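The values are calculated or read from the model by the stated rules, or taken from the named source; none is laboratory data. Just so it is clear, the model here is predicted, and its values are computed rather than measured. Backbone-built Cβ (ideal geometry, glycine too); neighbour counts: all protein chains shown. Calculation scope for accessible area: heavy atoms of the full protein, side chains included, ligands and nucleic acids excluded. Shrake-Rupley method; radii C 1.70, N 1.55, O 1.52, S 1.80 Å.
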Amino acid sequence: MPLKLEQPRRRQLISLTPLIDVVFILLLFFMLSSSFVAWRTVDTPLAAPSSTPVEASSEQPHAVFELRSNDGFVWFEDQRISLENSRRIRELVSQHLDDLFVLKAHDDVELQTLMRLADQLKLQGADTISIANAFRESKP
Amino acid sequence: MNINQKFITQRDRHGDGSVIPLINVVFLMLIFFMVAGQIQRSDPITIDPPTSINEKRPNLDPDVLIIVGLGNEVYVNDQPVAMDEVESMLSRLFDESSKPDQFWVQIKADGHLNIASLRPLFSAIRRSGLTKVSVATQLGQE
């Protein structure tokens, strides 16, 4: 009678296929539902409505920057200044440091252009910028 | 060389050995998306927000989220609303609010939207008596 010695069984590895399935499903879920937009907020506080329309805060002097189109230029006291001209804008900001920087915009100016101007003023040292003023319905 | 081939055939007999690099890559991608991405409620329409260097993050979630798309469609808290109904809706939401002191409105508008189409919205918010308003921007430079 031949002797049958039982061969030592090799350790059965767990199949990786279900693991890969689950990991792929998780990966798909996170890829589709993740958002990479870094949202920030720019405060545009509105003045409380009043019965008599008055120009916002008469005490602080204003430095009015006016956007007439999306051509990358801003108007200040009838001067046309490029939004890229950091040096000139810094000069203007330093001359009016205590003023309220009021932004005005014509109808066809894009929101992005307005934000570019606000960014540039902030970069050049302006502290108080009134962005909400650009959205007033009266003619700029 | 023979020994090497022997090990390869042994490994392939089990079937799963060759997929280990794949699993490594997939795990890395999974970890990347889990850590770097943020899961949040998606907006009813896709907008391209204006970019800004502004770093300010809101401390609280907005009480009212107004989304304005390029076609001037307005969504208040994910509900499509006509522009002339915004004022009454905001007043109602403000009256229902449990914390009226902290009530604030966030506007997500497309960066290519012109100012003229946003003026009626700001007027409606102003008429409804709300003063805390913010415009959502995206971090970065144009």
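May I ask you to list the residues in the range A:102-120 that are of a type outside the set (S, T, N, Q) and in a helix (DSSP H, G or I)? Full working, then the answer.
We begin by selecting, within the range A:102-120, every residue of a type outside the set (S, T, N, Q); these are A:102-111, A:114-119.
Result: A:L111, A:L114, A:M115, A:R116, A:L117, A:A118, A:D119.
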- All positions within the range B:37-71 that are more than 13 Å from B:T137 (Cα to Cα), open to solvent by 50 Å² or more (accessible area, probe 1.4 Å) and either more than 9 Å from chain A (Cβ to nearest Cβ) or not hydrophobic (A, V, I, L, M, F, W, C) (or both): B:Q38, B:Q40, B:R41, B:S42, B:P44, B:T46, B:N59, B:L60, B:D61, B:D63, B:L70, B:G71
- Within the range B:105-129, can you find the residues that are within 7 Å of another protein chain (Cβ to nearest Cβ), part of a loop (DSSP other than H, G, I, E, B) and under 22 Å from B:S91 (Cβ atoms)? B:G129
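Give the residue, chosen from B:K56, B:K132, B:K108, that is closer than 28 Å to A:L83 by Cα and without any contact (Cβ under 8 Å) to a residue 40 or more places away in the chain. Lay out the reasoning, then the answer.
Working: B:K132 fails: closer than 28 Å to A:L83 by Cα; B:K108 fails: without any contact (Cβ under 8 Å) to a residue 40 or more places away in the chain.
The match here is B:K56.
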- Message: Which count do you get for residues in the range B:73-114 that are open to solvent by less than 40 Å² (accessible area, probe 1.4 Å) and under 20 Å from B:N59 (Cβ atoms)?
- Response: 8
- Task: Count, please, the residues in the range A:72-106 that happen to be within 14 Å of chain B (Cβ to nearest Cβ) and open to solvent by 70 Å² or more (accessible area, probe 1.4 Å).
- Result: 1
- Any idea which of (1) open to solvent by 40 Å² or more (accessible area, probe 1.4 Å); (2) more than 8 Å from chain A (Cβ to nearest Cβ) is the one B:L139 doesn't satisfy? (2)
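Condition first: of a type outside the set (F, W, Y), at the interface with chain B (Cβ under 7 Å from one of its Cβ atoms) and part of a helix (DSSP H, G or I). Now tell me which residues in the range A:20-35 satisfy that.
First, pick out the residues of the range A:20-35 that are of a type outside the set (F, W, Y): A:20-23, A:25-28, A:31-35.
Cutting the leftovers down to at the interface with chain B (Cβ under 7 Å from one of its Cβ atoms) gives us A:20, A:23, A:26-27, A:31, A:33-35.
Correct list: A:I20, A:V23, A:L26, A:L27, A:M31, A:S33.
Condition check: touching a residue at least 12 places away in the same chain (Cβ under 8 Å) and closer than 19 Å to B:T51 by Cβ. Does A:L103 satisfy that? I'd like the intermediate steps shown before the answer.
Details: touching a residue at least 12 places away in the same chain (Cβ under 8 Å): yes; closer than 19 Å to B:T51 by Cβ: yes.
In short, yes.
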